[in-house]
Amino acid sequence: MEFKFDLAKFIPFRDQEAIARVRAIKKEDYCKHPNPDFKIKIYKTKEEFYLEFALDIVNRLKAALDENRKFVAIMPVGPVPQYEIAARIINEFRIPCHHMYVFNMDEYADEDGNTAPASWPGSFQMAMMKNLFSKIDPELRPPENQIFFPSKDNLPVYGKMLEDLGGADVCYGGIGWCGHIAFWEADIGFEFGDDLESYKKAGPRLVELHPMTIMQNALHSFSGDWSWVPPKAVTIGPAQILGARYRSFWLDGYLGGGVSWQRFIARLVAHGPVNTLVPGSILQTAPTSYNVLDGVADDVVIHMS
């Protein structure tokens, strides 16, 4: 029997026709896209997925070194495993990173907009230092003054700091449960309506985290404890993501046992309408590699266990 209902009120994107179309896309059709510059790839194993992510970072780093130019990258905290692999390759092949400039996507903030200090275990600063930079041999790692995090103090000029270095060579990232890229949340789209061009030009800001983001981050970073997730964050905007010369996004949200929190939203971002209520959908408009772990690409079905 058919059972119809309206979506929960906190969900911004509510086009049921588009949702049904995207949900029905089969795995064998997943990589087909009308924009040839939006390249979708499915990886069978986590080992291959994280190795290829690490190699993407190292290859771009080494190419810039060989060409005697800066390597400027926007990086996320998650996924994480590729960073240790990248550091190991850098150390093994003695690749200097003195030409590397990293702009991290975002950082948590409290209800008043004060950003988390690097000493807080849940901060993105601590995560990046622990998982990437501290694992690179000291004589090879980039200077500390070339590693940037958005904060309450630098937020008004964070976009300009990136521009002053000539913009990013690449923007790495993932997709959030609500469709966010960085912490550019889905409900921000209500401010822009259908004005997609203005939306694409929006820059760094302080944001209120969407309920789905609170729950997602509690799930994968805080042992399911939603009380540990701060209510706000500072983040880059669509202007910085689309302003990069290339985008490399990696989706590993598969929990095993047939369960993936990312399975539907990954489809909606890649195959749904480009709009302001699904932030990641703007990736369809620019040269992007969209890399998906096998379990994330499985068909969307009701999974009652």
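The values are calculated or read from the model by the stated rules, or taken from the named source; none is laboratory data. All values reported here derive from a predicted model rather than from experimental measurement. Cβ coordinates were reconstructed from backbone atoms using ideal geometry, including for glycine residues, and neighbour counts include every protein chain displayed.
The rows are residues; the columns are (1) within 16 Å of R267 (Cα to Cα); (2) at pLDDT 95 or above; (3) among the charged types (D, E, K, R).
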position	(1), (2), (3)
F5	no, no, no
K9	no, yes, yes
F13	yes, yes, no
A18	yes, yes, no
R21	yes, yes, yes
A24	yes, yes, no
P34	yes, yes, no
Y43	yes, yes, no
F49	no, yes, no
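Restricting attention to region 252-282, the residues being within 14 Å of the chain's Cα centre (by Cα) and either assigned to a helix (DSSP H, G or I) or among the hydroxyl-bearing types (S, T, Y) (or both) number 8.
Look at D106 and say whether it is at pLDDT 95 or above, of a type outside the set (F, W, Y), in contact with a strand residue (DSSP E or B) (Cβ under 9 Å, 6 or more places away or on another chain) and within 21 Å of Q216 (Cα to Cα).
yes
With respect to (1) closer than 24 Å to G167 by Cα; (2) in contact with a strand residue (DSSP E or B) (Cβ under 9 Å, 6 or more places away or on another chain), the lone exception for A86 is condition (2).
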